[in-house]
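Data block below; observations after.
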Amino acid sequence: MAEKRYLMTPGPTPVPPEVLAALAQPIVHHRGPDFRPIYRQCLDRLKEVYRTENEVLLLTASGTAGLESGIANLCSPGDRIVVVSAGYFGERWAGIATAYGCEVEHLRYEWGETPTADDLDERLTAIGGASAVFVTQSETSTGVVADVRAMAATAKDAGALVAVDAISSLGAVPCETDAWGLDVVVTGSQKALMSPPGLAMVSVSDAAWEARAQARCPRFYFDWERTRVAQAKLDAAFTPAVSIVVGLNVALGLLLEKGLEAAFDEHVRLGRACREGVKAMGLELFSPDDDSSAVVTTVRVPEQVDGERLLLDLRDRFGITFAPGQGPLKGKVFRIGHIGYFDVFDITTALAAVELALAEAGADIERGVAVTRALETYEHAPA
């Protein structure tokens, strides 16, 4: 096993040393004066990153819990909703909604396809509207980033609320909560926000609060009102993950100090460098070959190569962990994450290791070109 480790997945992502140092601080009591100023600053910074004046609720849970809270607070059993799905996490929206008894109109795409507002408009018209539309901005299983702005406008025109899975997109690509009229936006701590797993964040619009007052799905821990009331007093409805909140606050400070636009531009440049390096080896992309693919680069495994064995080899020999394919893509693709605390040299390290491992696995790989192409692309093609 290699001693030095590289985490190149689209979540969890590497954590900056400043955040690690914050996580190592002694635990403070979550209802005491030591924690409240940090809690307040973290909540304020979240609103800046979300680009919203809405309440942002902080839950000690995974991103999926944030998604479930969206269904539980917006819906009643029997409600007709539309779920837009083009991969593993769109399917998760649908699975949660079905478990809560919603009537799910599933606008389903082949994995790797990009959803469109025109298709959503056609479906909403055909079914006579829906109470809410649930979409995934960054489909991490495929690398596709949907045009949430256009889809939200279509849903609003049809009188529907809009809930967005931005778990791997918030802080990596533009997501204008207020300007785009997004009613619910869910994210997690372990992606572009450069913190350990364990926190989910949910922004809630005024219209979504009104829907919650009428919704009849059962909820207790995920009841937004409990969290809102507690946060108004700089308290927490339930014991929060204190150390992760402290770390997240530091990470948000780093992100805002750099500037969101600068972060968006950097993710575009890293995505370009990664894609060009992959193509230089003669490999085929599964994710889109354009600047929308700034979160993760998904690569087809050459036919003669065992995809699962390849990832184990990369981990054990070189200490590099990539994400495998999910669902029907298992063993057929691997995913290189570049959101959060990454730079171009992480990308070149990853590409060099892929080149070595594939060549030794018998793939016909052009040697020595991936790193050069990636660096040239990064240097000469600014966002």
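Data for the structure
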quantity	calculated
Subset of region 287-311 [buried (at least 24 other Cβ atoms within 10 Å of the Cβ), touching a residue at least 60 places away in the same chain (Cβ under 8 Å) and in a loop (DSSP other than H, G, I, E, B)]	SER287, SER293, ALA294, VAL295
Test result for THR98, touching a strand residue (DSSP E or B) at 6+ places or on another chain (Cβ under 6 Å) and β-branched (Val, Ile, Thr)	yes
Hits in region 337-369 (condition: in contact with a Leu (Cβ under 8 Å, 6 or more places away or on another chain) and of a type in the set (A, V, I, L, M))	VAL344, ILE347, ALA353, VAL354, ALA357, LEU358, ALA361, ILE365
Filtered residues of region 312-369 (kept if touching a residue at least 12 places away in the same chain (Cβ under 8 Å), assigned to a helix (DSSP H, G or I) and small (Gly, Ala, Ser))	GLY327, ALA350, ALA352, ALA353, ALA357
Per-region count, region 31-50, residues outside any helix (DSSP H, G or I) and crowded, with 18+ Cβ neighbours inside 10 Å	1
Conditions (1) over 25 Å from GLY112 (Cβ atoms); (2) within 24 Å of the chain's Cα centre (by Cα): number failed by VAL369	(2)
Hits in region 1-30 - residues which are surrounded by 18 or more Cβ atoms within 10 Å (Cβ to Cβ) and β-branched (Val, Ile, Thr)	THR9, THR13, VAL15, VAL19
Residue among ARG108, ARG36, ARG92, ARG80 that alone is within 28 Å of LYS156 (Cβ to Cβ), in contact with a Leu (Cβ under 7 Å, 6 or more places away or on another chain), basic (Lys, Arg) and not assigned by TED's automatic domain parsing to the domain that holds PRO324	ARG92
Options ALA213, ALA207; residue that is free of Cβ contacts under 8 Å to residues at least 12 places away in the same chain and not in a loop (DSSP other than H, G, I, E, B)	ALA213
Some residue of region 85-105 being farther than 25 Å from GLY11 by Cα, hydrophobic (A, V, I, L, M, F, W, C) and out of contact with any Asp or Glu (no Cβ under 8 Å at 6 or more places or on another chain)	yes
Conditions (1) in contact with an Asp or Glu (Cβ under 9 Å, 6 or more places away or on another chain); (2) assigned to a helix (DSSP H, G or I); (3) under 24 Å from GLU110 (Cα atoms); number of the one not met by ALA374	(3)
The listed residue being of a type in the set (A, V, I, L, M) and surrounded by 21 or more Cβ atoms within 10 Å (Cβ to Cβ), out of ALA273, ALA237	ALA273
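For (1) assigned to a helix (DSSP H, G or I); (2) among the small types (Gly, Ala, Ser); (3) buried (at least 24 other Cβ atoms within 10 Å of the Cβ), each residue gets a yes or a no:
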| residue | (1), (2), (3) |
| --- | --- |
| GLU110 | no, no, no |
| ASP119 | yes, no, no |
| ALA126 | yes, yes, no |
| THR142 | no, no, yes |
| ARG149 | yes, no, no |
| VAL164 | no, no, yes |
| SER168 | no, yes, yes |
| CYS175 | no, no, yes |
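The values are calculated or read from the model by the stated rules, or taken from the named source; none is laboratory data. All of these numbers come straight from a predicted model, not from anything done at the bench. Cβ: placed from backbone, ideal geometry, glycine included. Neighbour counts: every protein chain shown.
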